[in-house]
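Right, one structure below, let's go through it.
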Amino acid sequence: MGLLNRIAKERRKELALEGHEIYDLIRTGTALERKLTDHINTGLNSKNLNIPAISVKMIYPIPANEISASGMKQTIGY
């Protein structure tokens, strides 16, 4: 296991319950992968377990006032 992978694993452990992992996944372009066995009898749609990092389910839209103030382009899919 390389240094970057060890650092990412340690960061994931340290921030496990703080909700920061999603931002690390988006920043590094890593897909969200969930095991089917972790979601038995939860009512979760098993077709949506794995989400690509560039999916609109992971990337939020840019607020309209930010777009007008900075001239940025809206996130693809919104």
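The values are calculated or read from the model by the stated rules, or taken from the named source; none is laboratory data. This one's a predicted model, so the numbers in the text were calculated from it and none came from an experiment. For the accessible areas, the whole protein counts, side chains as well, though only heavy atoms, and no ligand, DNA or RNA atoms are used. Shrake-Rupley method; radii C 1.70, N 1.55, O 1.52, S 1.80 Å.
Within the option set A16, A53, A64, being at pLDDT 80 or above and open to solvent by less than 100 Å² (accessible area, probe 1.4 Å) holds for one residue only, A64. Quick one: in segment 24-50, which of the residues that are of a type in the set (A, V, I, L, M, F, W, C) and open to solvent by 100 Å² or more (accessible area, probe 1.4 Å) is modelled with the lowest pLDDT? Out of the qualifying residues, it is I40.
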